[in-house]
Structure formats: C-alpha cells, structure tokens
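To start, the structure under review is shown below, and the notes come after it.
The values are calculated or read from the model by the stated rules, or taken from the named source; none is laboratory data. Please read these numbers as outputs of a predicted model, since none were measured by experiment. Virtual Cβ from ideal backbone geometry, glycine too; neighbours counted across all protein chains shown. For accessibility, only protein heavy atoms count, side chains too; no ligands or nucleic acids. Shrake-Rupley method; radii C 1.70, N 1.55, O 1.52, S 1.80 Å.
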Amino acid sequence: MKQDNNKNDNELQKQLDQMPVIRDQQTKDELYNKIAVHLKESKPEKKKFNLLPVFAFIAVLFLAAIITPAMLMNRSNDESMQNSSESQNHDAATESGISDKGEESAELFDTQEDGKEAEQNVPINDFQSNLVFEVDEGKNYIFSVAAGMNAEHIIPLTFEVADSNANYTQVTSTAANNAADLGVSVFPLNGAEIVINEDRGELVFPEDFQTQGGSSSDIILQRSIEQVFRMYGVSEVKLGYEDGRSFEMGNYGTIETMKISPIQKKSYKIYRYRESDPDYLVPIELNEKSSMDDALDTMASTGGGEYIRSPLPEGVEVAANEISDHELLIRVSTTEQLQANQTTMIMIETILATAASFGYDQVQFEGLPFEVIGHYDLSEPIATPEAVNSINLNK
C-alpha cells in the first residue's frame, strides 16, 4: 500500500514538472501588503449595540408606573366630589321646588318619577296675564274697546285705574291718545259718555261725533257698544247726542235704543300688531247654537284676519267634555312636550275666556305635563274670568 502511494506521488511530480513555469514579478513585501489589505476588507465589522433607547424606554415605564395611580386617584376624587355636589344641589332644588338648568333658559323643569316633566319654576311676575277674575275686589276698572289695525275685530280692554273718580270718557280719551303704543288703531266710542243705572245704560255722543262710514265700520261700532255695556251688566242702552237727538249709525239709520244680550258665545284668538306689542285676546263671535267643541275648532283654525292667530301651539289639540252645567273638562293632547311658558299661558287663558262666554264657571285641565303655570294651579279646577285684556294705567 505504501509503495502505491509513492508511485502516485512520483507521477504527480512528473506532471507538475511538465507544466509551464510561472514567475511572480512581485516582491515579498508587495505580496504581503496585498494579502493584508484583502484580509482587512473581508473581515466583517462587529456591530455596536446602542443601549440608550433601551434605558429611555425603561425610564418611561418607570415614571408611568409612579404617576398613573396618582392621576387615577385624583380623578376618582374629583368625580366623587362632583357627584356629591350635584347630589346636594339636586336635593336642595327638590326641597325648594326649583331645578336650574341654565340662565339661558326660562323654562326650567324637574323630571318626576313617573316620567313627566314637572311645572316650570318661572316666577309668577314673569308671566303676562290677560284676565281679570274679581272685578269688584276694591279696584276701579273701566271697560272699553278698541279696533285692531285690520279694522276687522274689536279688542275688549279692561283698564285698572287708581282714581276712583275716573270715568269712561277720561280713560278712553287717554288710551286713544296712546293707541299706537298699545298696538291698536282707534277707540270707536272715544269721546262718548257712559251712564249706568242698574241694568239700564245710556250712551251720549258729542254733537260732532262722526261714524267712519261703511258697513264694516257700522258693525265694529255696534259690537263695541254691545261689548262695553255687556261688561257693565246692562240689558238695554239708550243712544243719543248731547243735544238730545237720536243717534245716527250709518247704514243702520236712527238708533234710539239697543238690546244687549247677557251672554254672547265667543271663541278667543290672539291679536298682535307688532312683535314688540302685547298679545290681546280677541273674541270671534259665534252663533247661539255653537258648542264648546265648535269654539275650540274655531280657536284652532288659522283664519280670522290679519294680525290674528290661533292661541294653540303647533301640534296641540284640545277637546271639551262637560262635567256639569258650570264646570268644563278640557283634555289637551300634543305631539310634543308642552312647556310652562308664556305661549302655553296664553292658550290656557283663551280657553278660560271662551268657556266663560258659554256660561261655565270653572275649567279642569287634563293632559298637561305640569301642575302649575304662573298663578294657576292646574291640579284643581280654575275659575273662568270676568274680563279680558287687563291694562294697568297706574304704572
């Protein structure tokens, strides 16, 4: 085996000797330098590992572990204090009957357990009431009448005056001079004198009194006379001039006396000339056979003339049921939640005035989401008024 290996080595040597001779012209130093450079370039650099981001991340986690529990604890304490404050405010509001939901809103409600909203706690003095319930309560009232700017309807007015000696002529003359401020056009009976003797009355016109002319003006004048003397409880009135002549009423001709019916069925709507003017209750006269439902239908209708509108808010329906000859039940239904505001107050007062013209003494309301509005306690029957459109001349 050893001999074979020697033989192979000899043959390999012979073959190598037969190969051409290759001579390297480089010196040993040049060859060494090239090999050294090649080895340096081929050797991979060892990658340095930067520990700074790792330490920064660990520091953040450490700070978060310290700060987060403190923040959560402070937040929990704040929420606890806020809930406690709200609870105390709610308890105080419940005891005083007041729930304040912002200065921007005058419509404040408490939510009751039965899901209905409680009455709005707006001060009574903030509501404008157009009704008079006790004419003989020691105050001096003068009943008058004005015509609206549309000259289609009369507007009954009840003036409260401090001077017990003030009479119709003086008060009406003063009011007529301020008609523009009141939002009305004219006072049809301005300048006339009224004399009351129990259930008889006398209307004395100045000698130069002139009617406006035209059938509509005659109707306004006739209704004005009836409205004023009906308020004074007069069943018959004598008409004439200061010189004793009988009164000439346009197309009606000479009128000496006029019968006044004690009750005239009416449906009340709202009159307002300008946005800045007050709302007045204006009567729409109905025929003798009209029912309370007919009056409510008229009240809900959109017609009636310029500056006249329905007192019922949009989406509100009312129905009447007679409890007795003197008491009426009004059921209110609505597609939206009614609020205890001035608009609803006007609706209630127009219904009360309408019921009074039908001879009812009381009205019970049902279906309203509050029990108090202004000075009205809606949980009990409400008395109907004796007069409408009160104006205090003492202010």
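Things worth noting here:
- Among the residues of this structure, PHE205 does not count as one that is open to solvent by less than 40 Å² (accessible area, probe 1.4 Å), under 23 Å from ALA356 (Cα atoms) and touching a Gly at 6+ places or on another chain (Cβ under 8 Å).
- Which numbered condition VAL372 misses (of (1) closer than 24 Å to ALA295 by Cα; (2) in the same structural domain as ASN321 (by the TED database); (3) under 25 Å from the mean Cα position of the chain (by Cα); (4) of a type outside the set (Asp, Glu)): (1)
- The range 366-382: number of residues that are over 20 Å from GLU317 (Cβ atoms), open to solvent by less than 50 Å² (accessible area, probe 1.4 Å) and in a strand (DSSP E or B): 1
- When the range 209-241 is filtered for residues that are aromatic (Phe, Trp, Tyr) and within 24 Å of GLU198 (Cβ to Cβ), the ones remaining, listed by number, are PHE229, TYR232, TYR241.
So that you can scan it fast, the table gives a plain yes or no per residue for (1) within 25 Å of the chain's Cα centre (by Cα); (2) among the aromatic types (Phe, Trp, Tyr):
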{"position": "GLY359", "(1), (2)": "no, no"}
{"position": "PHE365", "(1), (2)": "yes, yes"}
{"position": "LEU368", "(1), (2)": "yes, no"}
{"position": "VAL388", "(1), (2)": "yes, no"}
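- Residues being part of a loop (DSSP other than H, G, I, E, B) and open to solvent by 40 Å² or more (accessible area, probe 1.4 Å) - total across the range 242-253: 4
- Note on the range 254-365: enclosed strands (runs of 3 or more DSSP E) holding 2 or more residues that are open to solvent by less than 30 Å² (accessible area, probe 1.4 Å), touching a residue at least 60 places away in the same chain (Cβ under 8 Å) and out of contact with any Leu (no Cβ under 7 Å at 6 or more places or on another chain) are 266-271, 280-285.
- So GLU198, is it exposed (fewer than 15 other Cβ atoms within 10 Å of the Cβ) and not polar (S, T, N, Q): yes
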